[in-house]
Amino acid sequence: MTPTDPLYAQQWHFKLLGDIEKIWDDYDGSGVTVAVYDEGVEYTHPDLSGNFDTSLNFSYRGTVYDPMPIDANSGHGTSCAGLIGASWNNGIGGTGVAPGVTLAGVNYLDVIQFEPQNVYDAAMLYAAEFDIMSNSWGFTGSFLGPQNLSKPTSTAAHDIALWETAIETGRNGLGTVIVKAAGNETNNVNGDGWNVSRYTITVSATDKNGNATYYTNFGSAVLVAAPAAAVTTDLTGDAGYNNATDRDNVPVDYTSTFNGTSAATPVTAGVVALMLDANAGLGWRDVENILALSASHTGSALGAATGTRYEVGTWMTMNGKLWNGGGTEFHQSYGYGMVDAFAAVRYAEAWAKIYPGQALTSANEIAATFGYTGPGIAIPDSDGKSGTGQVGISINSTSTMRIEAISIALTLTHSDGRDLNLWLKAPDGKMIPLFAGDGNGRTWDNGTTWTFEVDALRGYSAQGTWSVVAEDKVTGNLGTLNDVSMTFYGSSATVNDVYNFTQDYQMMTAYQAGRSVIDDTNGGIDTLNYASIQAAITANLAAGGTVKFGTSQVSSFGAGADDFEKLYSGDGNDAITGNTLNNTIWGVRGLDTLHGGSGNDVLYGGTQGDYLLGDGGNDTMFGGNDVDNLAGAGGNDVLYGEAGSDFFIFGRNGGSDTIKGWENDRDTLKLDDALWGGGLTIQQVLTTFAHVVGANTLLDFGTTVITLANFTNINNLADDIILT
């Protein structure tokens, strides 16, 4: 769906979010609540009033805290709200990312943060009443005491404890999703405890070209990047960012000058709202995993020796096999990449099928802590050029969990922190930057313990030797590494692997050719997830089989044995052939042809007309919507036409097949006259071979028996049969 709003064409950020118009055909954020914690929201704005619910205003002991901005200069929250959920197709302004969402506001910046502690705490805890909490505020990441999560009495630690409650109790235990701006000071996000928490989705900002902005903060705790969107709602009249005398090229009730990670954050919150509209059962950890896996490459090219003008560092490709044929990619300036609304929502739709079981929440998160408490280790004084200034503390983790986040509490002393570089070294040798002379130089004077977050290693095993590596790069000041404690958070390891593919797959195989061979040798029930692929997929899951996107072969399967049991396809007209295993194949969208192969297969057609062929084995087929063709073709099969006028096709393959949900005068039997040797009319076929047995009708051709479950009116079948 293409919105008709007059400013939509100027909302350049939508072009960076994947095919969001395709998503809007199905989802607009309806039923999802988002609280904008900011400097108030002008909820009477004509582009916001239809989606804003004042009954959700925060109240405490009888006092209602109206979120209306307190003065004409407080337009920030109104602009954030418009990016999330401005109404669409109403003849004014632009549209929000989730134009059907329910908005609420908490005037955190101008009111709540100055209230007594009990009111402040209650307002923070109030986030648990919403599906999503959007926070376009923060503090300069200066590695100062109030920002230190290792200090229990710090302001950051206090707030994160409140957010932990929202995470644990919000959405009936699924967890309020908390989205947070990385900040606009070109600083390391690890210097600010609100961004270091694993509970926050920390968002950096890009420009119109998808490159890091000059101001965006960066670091190992950034999850994703999003556009610093500009065209959005403003305070009405001459208040806010835009007034009658400005040179802004949009109407006065809107602005084209809004930007920053403050804008990237509500864009991401809007994408999360679309995800929750598609799948309300996602846990907060599911949401984070989906955003990471579905993010698209942006900025500088893979393998580039240097980044774009304002990037910090270059793209890293991680080890592993479960994302685009290998490990994920991560960048300090972008996290896992650009938020992709199309891919994220398609993954959200598929999630419960490809990752069956409980939603990932606080209740089932596992953690393991390992530490070093030996003698302090001197950091050699060095100029950073001689290669003699590095030293490390290593710990051995015996946990086999699959990592989602790592929290590192590091204690060290150094007389000038600006001299220091710090990294986390993973067991495979990957070096994740933690600190590079950040802060004010006095951070480590008194043996400070600081907490860092690493979000770059999702999917890694926690098992192995991990190290914190320190380097002194300027002579004249000395320091000591004292203690390290690492806590790994995530899920139990499993051999039931899901291989996720995105639109970046061909780019990744061009960079690392080995990703084009997909193999799984550790057993388990393994799934291929192509939910975010829009091109037609042609795949043969047999050993040595191939996969094409459109006409281009993108991968092949290991030649040794059949490895993959499940496949979830995408939006195209796909042709999927199973193997000798018991396959489950989802056609999803498009005019799909699904061929189960010789196992006991389960085939799901999806939303459009599909052709489902069970082949050998005892198969179960679900046509889905529209007009489908279902053929058991051997074995004792169960066929569900579901919605639409469906064709059930039978030849001399043998087997006892059952059709469930038969709809008289809508569905059709296509019978090969070889079943009886030919020469009979339809009525003669019914007279000779059709019998009512209990609540069912049987057509018994000897080696092939067709049962119409819960249907007994044989006389009405004549006009529902075609002889072939």
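The values are calculated or read from the model by the stated rules, or taken from the named source; none is laboratory data. Model, not experiment: these values are computed from the prediction. Please note: Cβ atoms are built from the backbone with ideal geometry, for glycine as well, and neighbour counts cover all protein chains shown. Heavy atoms of the whole protein, side chains included, go into the accessibility calculation; ligands, DNA and RNA do not. Shrake-Rupley method; radii C 1.70, N 1.55, O 1.52, S 1.80 Å.
Just one of the listed residues (522, 600, 529) is of a type in the set (S, T, N, Q) and more than 25 Å from residue 289 (Cα to Cα), and it is 600. Selection of segment 623-664 for residues being touching a residue at least 40 places away in the same chain (Cβ under 8 Å), surrounded by fewer than 22 Cβ atoms within 10 Å (Cβ to Cβ) and charged (D, E, K, R) yields 652, 660. Figure legend. Inter-residue proximity from segment 382-395: first residues at pLDDT 75 or above and among the acidic types (Asp, Glu), second residues open to solvent by 30 Å² or more (accessible area, probe 1.4 Å) and in a loop (DSSP other than H, G, I, E, B), beta-carbon distance below 8 Å, spacing 6+ or different chains. Indicated pairs: 383/473; 383/474; 383/475.
Give the residue that is nearest to residue 195 (Cα to Cα), with candidates limited to residues of segment 454-473 that are in a loop (DSSP other than H, G, I, E, B) and touching a helix residue (DSSP H, G or I) at 6+ places or on another chain (Cβ under 7 Å). Reasoning before the result, please.
Step one: of segment 454-473, the residues in a loop (DSSP other than H, G, I, E, B) are 455-460, 462-463, 473.
Of the ones still in play, those that are also touching a helix residue (DSSP H, G or I) at 6+ places or on another chain (Cβ under 7 Å) are 458, 473.
Details: 458: 17, 473: 27 Å.
The residue in question is 458.
Taking the residues in segment 195-250 that are part of a loop (DSSP other than H, G, I, E, B) and among the β-branched types (Val, Ile, Thr) as candidates, determine which candidate is modelled with the lowest pLDDT. Give the derivation first.
The first filter runs over segment 195-250 and keeps only residues part of a loop (DSSP other than H, G, I, E, B), leaving 197-199, 207-211, 213-217, 219-223, 228-231, 234-250.
In the following step, the residues that additionally are among the β-branched types (Val, Ile, Thr) were identified as 213, 216, 222, 231, 236, 245, 250.
Details: 213: 98, 216: 98, 222: 98, 231: 97, 236: 97, 245: 83, 250: 95.
Once the filter is applied, the top-ranked residue is 245.
Can you find, within segment 351-384, the residue that is nearest to residue 220 (Cα to Cα) among those that are open to solvent by 30 Å² or more (accessible area, probe 1.4 Å), among the hydrophobic types (A, V, I, L, M, F, W, C) and part of a loop (DSSP other than H, G, I, E, B)? It comes out as 360.
Of all residues being touching a Phe, Trp or Tyr at 6+ places or on another chain (Cβ under 6 Å) and farther than 16 Å from residue 658 by Cα in segment 593-622, which is most open to solvent (accessible area, probe 1.4 Å)? Just the residue, please. Talk me through it step by step, then tell me what you get.
Taking segment 593-622 first, the residues touching a Phe, Trp or Tyr at 6+ places or on another chain (Cβ under 6 Å) are 593, 604, 622.
Still in the running and farther than 16 Å from residue 658 by Cα: 593, 604.
Values: 593: 63, 604: 81 Å².
In this case the residue turns out to be 604.
Consider segment 66-82 and keep the residues that are assigned to a loop (DSSP other than H, G, I, E, B), surrounded by 24 or more Cβ atoms within 10 Å (Cβ to Cβ) and not small (Gly, Ala, Ser). The one that is farthest from the chain's Cα centre (by Cα) is 69. Beta carbons closer than 7 Å, at least 6 apart along the sequence or on distinct chains, pair a first residue in segment 207-226 that is closer than 14 Å to residue 265 by Cα with a second that is surrounded by 24 or more Cβ atoms within 10 Å (Cβ to Cβ) and at pLDDT below 95 for 217/141.
Within segment 119-139, is even one residue surrounded by 17 or more Cβ atoms within 10 Å (Cβ to Cβ), charged (D, E, K, R) and part of a loop (DSSP other than H, G, I, E, B)? Within segment 119-139, one or more residues are surrounded by 17 or more Cβ atoms within 10 Å (Cβ to Cβ), charged (D, E, K, R) and part of a loop (DSSP other than H, G, I, E, B).
Kindly provide the set of residues from segment 319-350 that are part of a loop (DSSP other than H, G, I, E, B) and open to solvent by 10 Å² or more (accessible area, probe 1.4 Å), ordered by number. Across segment 319-350, the qualifying residues are 319, 320, 321, 322, 325, 328, 332, 340.
Within segment 472-501, residues that are without any contact (Cβ under 8 Å) to a residue 60 or more places away in the chain sit with their Cβ atoms under 8 Å from residues that are open to solvent by 10 Å² or more (accessible area, probe 1.4 Å), at 6+ positions apart or across chains, in these pairs: 495/522; 495/523; 495/524; 496/524; 496/525.
Starting from residues that are open to solvent by 50 Å² or more (accessible area, probe 1.4 Å) and of a type in the set (Ser, Thr, Tyr), keep the ones in segment 51-65 and report whichever is farthest from residue 9 (Cα to Cα). Going through the qualifying residues, I end up with 63.
Across segment 440-451, the number of residues qualifying as outside any strand (DSSP E or B) and surrounded by fewer than 23 Cβ atoms within 10 Å (Cβ to Cβ) comes to 6.
Output the number of residues of segment 633-662 satisfying the condition of being aliphatic (A, V, I, L, M) and modelled with pLDDT under 90. Of the residues in that region, 2 qualify. Against the conditions (1) surrounded by fewer than 24 Cβ atoms within 10 Å (Cβ to Cβ); (2) in contact with a strand residue (DSSP E or B) (Cβ under 8 Å, 6 or more places away or on another chain), residue 234 satisfies every one except (1). Among the residues of segment 547-562, those that are surrounded by 12 or more Cβ atoms within 10 Å (Cβ to Cβ) and either of a type in the set (A, V, I, L, M, F, W, C) or part of a loop (DSSP other than H, G, I, E, B) (or both) comprise 547, 549, 550, 554, 557, 558, 561, 562.
Check whether at least one residue in segment 16-37 is over 30 Å from the mean Cα position of the chain (by Cα) and open to solvent by 40 Å² or more (accessible area, probe 1.4 Å), and report yes or no.
First, the residues of segment 16-37 that are over 30 Å from the mean Cα position of the chain (by Cα): none.
Within segment 16-37 (the criterion being over 30 Å from the mean Cα position of the chain (by Cα) and open to solvent by 40 Å² or more (accessible area, probe 1.4 Å)), the answer is no, since none of the residues qualifies.
From the list 431, 401, pick out the single residue that is aliphatic (A, V, I, L, M), closer than 28 Å to residue 296 by Cα and either touching a helix residue (DSSP H, G or I) at 6+ places or on another chain (Cβ under 6 Å) or touching a residue at least 40 places away in the same chain (Cβ under 8 Å) (or both). Within the list 431, 401, the selection yields 401. Cβ contacts < 6 Å: first residue of a type in the set (Ser, Thr, Tyr), restricted to segment 239-254; second residue in a loop (DSSP other than H, G, I, E, B) and at pLDDT 90 or above, any location; separation 6+ or different chain. Result? If the second residue must be in a loop (DSSP other than H, G, I, E, B) and at pLDDT 90 or above, the pairs left are 241/75; 241/234; 241/257; 254/93; 254/234.
Remark: pairs (first residue in segment 436-453, at positive phi; second residue among the acidic types (Asp, Glu) and open to solvent by less than 30 Å² (accessible area, probe 1.4 Å); Cβ separation under 8 Å; 6+ apart in sequence or on different chains) = 437/419; 441/416.
If you scan segment 525-540, which residues turn out to be closer than 19 Å to residue 326 by Cβ and among the small types (Gly, Ala, Ser)? Correct list: 531, 532, 539. Residue count for segment 651-670 under the criterion of being in contact with a helix residue (DSSP H, G or I) (Cβ under 7 Å, 6 or more places away or on another chain) and over 18 Å from residue 703 (Cβ atoms): the result is 4. In segment 584-631, which residues are outside any loop (DSSP other than H, G, I, E, B) and over 31 Å from the mean Cα position of the chain (by Cα)? Residues satisfying the conditions are 613, 629, 630, 631. Does residue 580 satisfy being under 24 Å from residue 621 (Cα atoms), modelled with pLDDT of 95 or more, outside any loop (DSSP other than H, G, I, E, B) and open to solvent by 30 Å² or more (accessible area, probe 1.4 Å)? No; evaluated as a whole, the condition is false for this residue.
One line per residue, one yes/no per condition, for (1) under 21 Å from residue 56 (Cα atoms); (2) open to solvent by 50 Å² or more (accessible area, probe 1.4 Å); (3) outside any helix (DSSP H, G or I):
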residue	(1), (2), (3)
141	no, no, yes
152	no, yes, yes
156	no, no, no
160	no, no, no
166	yes, no, no
172	yes, yes, no
179	yes, no, yes
